[in-house]
Every structure is written in C-alpha cells, then in structure tokens.
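The block underneath contains the structure these notes are about, expressed in structure tokens.
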Amino acid sequence: MITATVRAAARPPRWYWVASWLALLWMLSGAAAFVMDALTDEAALAQMTAAQRELYEARPQWLFAVYGLAIVSGLAGTVGLLLRKAWAGRALAVSLAAVVIQFGYTVFGLRAIERVGASQALSLPVVVFLAGAVVLIVALKAKKSGWIAG
C-alpha cells in the first residue's frame with residue numbers, strides 16, 4: 001500500500017510531459033537553425049543586409065562551436081527529461097551557459113547592437129535565454145519533486 005502511494009507521488013504531472021515535449025520541439029527547432037546556419041552559402045549571404053553579413057562574417061569559429069554545444073546539450077537535456085533522468089538538469093544548465101556565452105559575445109564582443117540595432121540584436125537572445133531558463137527550472141522542479149532520478 002505504501003509503495004503504491006510513493007510511486008504515485010513520484011509520477012510526474014501531465015504538465016511535465018507537455019513541457020518536456022514542447023522543450024524537445026524547441027530544441028529541435030534550434031538544431032534546424034544550427035544546421036541552416038552551418039549551410040549558409042553565398043546566396044544566403046546575399047539576402048542579408050550589409051550589417052547582418054558583417055556580423056555573420058565577424059563571428060569566430062569558437063563561437064559557432066559554443067552554439068553547437070548549446071544545441072547538443074539542450075537536446076540531450078530534453079531527451080533526459082522525457083526519459084526521467086536526473087542528469088537532464090546538468091545538460092540543460094550546460095546548454096543555458098553556452099547560450100549566455102554565445103549571445104553575450106555576439107551582443108557585446110561583436111557589438112551586435114551597434115551593427116544591426118537593439119531589436120534585431122536582442123530579440124532572439126532574450127527569447128532563447130528565457131526558454132532555456134524555463135526548461136532548466138522544469139528540470140530542477142522535477143528533480144526536487146522526485147519525478148526524475150538516476
């Protein structure tokens with residue numbers, strides 16, 4: 001009787017599953033954006049404004065690697081949420097840290113606001129950071145509540 005109660009208490013609520021699947025879709029859209037970014041060719045560059053192209057071309061290779069780390073660790077973390085693994089939170093924390101480094105360097109190091117304007121330079125970073133923070137909070141709540149383990 002007690003075992004059944006403990007198991008029921010550790011079962012995640014429905015919103016956890018909805019949030020986890022939405023997070024996976026979000027991370028997959030980020031992976032698609034990463035692939036499109038990696039496959040950017042001269043034709044795509046020609047579609048950019050001069051300021052956007054300058055910003056794109058000023059980006060160092062290590063920053064692209066940090067972008068990849070954000071995507072891979074975010075995907076791993078959301079899969080971990082779906083598998084109910086405690087390491088999901090660590091993977092999502094790595095992803096969020098990579099997002100901060102990536103966009104922090106883009107905005108401040110590459111002077112994105114000066115090059116393309118505040119709305120274009122800040123809108124995507126703010127949305128990506130907030131989404132990553134929410135997913136990390138879900139993972140931390142799930143661990144604290146005993147919904148994920150191992």
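The values are calculated or read from the model by the stated rules, or taken from the named source; none is laboratory data. A quick note: this is a predicted structure, and the numbers were derived from the prediction, not measured. For neighbour counting, all protein chains shown are included, and Cβ atoms are generated from backbone atoms with ideal geometry for every residue, glycine included.
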*Can you tell me which residues in the range 91-114 are of a type outside the set (A, V, I, L, M, F, W, C) and in a helix (DSSP H, G or I)?*
Ser95, Gln102, Gly104, Tyr105, Thr106, Gly109, Glu114
*Unmet requirement for Leu69, which otherwise passes all of (1) under 25 Å from Gly117 (Cβ atoms); (2) in a helix (DSSP H, G or I); (3) aliphatic (A, V, I, L, M)*: (1)
*Being at pLDDT below 95 and under 17 Å from the mean Cα position of the chain (by Cα) is the filter here, so list the residues in the range 122-148 that pass it.*
none
*asked:* Pairs needed: first member in the range 77-104, surrounded by fewer than 17 Cβ atoms within 10 Å (Cβ to Cβ) and hydrophobic (A, V, I, L, M, F, W, C); second member anywhere, at pLDDT below 95 and part of a strand (DSSP E or B); C-beta distance under 6 Å; at least 6 residues apart or different chains.
replied: Ala86/Ala149
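For (1) under 18 Å from Ala149 (Cα atoms); (2) acidic (Asp, Glu); (3) touching a Ser or Thr at 6+ places or on another chain (Cβ under 7 Å), each residue gets a yes or a no:
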| site | (1), (2), (3) |
| --- | --- |
| Ser20 | yes, no, yes |
| Asp37 | no, yes, no |
| Thr40 | no, no, no |
| Leu45 | no, no, no |
| Leu55 | no, no, no |
| Ala58 | no, no, no |
| Phe64 | no, no, no |
| Tyr67 | no, no, no |
| Ile71 | no, no, no |
*Considering each residue of the range 52-75, count those that are small (Gly, Ala, Ser) and in contact (Cβ under 8 Å) with a residue 40 or more places away in the chain, and give that number.*
3
_Residues that are at pLDDT below 95 and of a type in the set (A, V, I, L, M, F, W, C), drawn from the range 3-32_ = Ala4, Val6, Ala8, Ala9, Ala10
*asked:* With the requirement that a residue be exposed (fewer than 15 other Cβ atoms within 10 Å of the Cβ), over 18 Å from Gly132 (Cβ atoms) and hydrophobic (A, V, I, L, M, F, W, C), what does the range 18-50 give you?
replied: Val35, Met36, Ala38, Leu39, Ala43, Ala44, Leu45, Ala46, Ala50
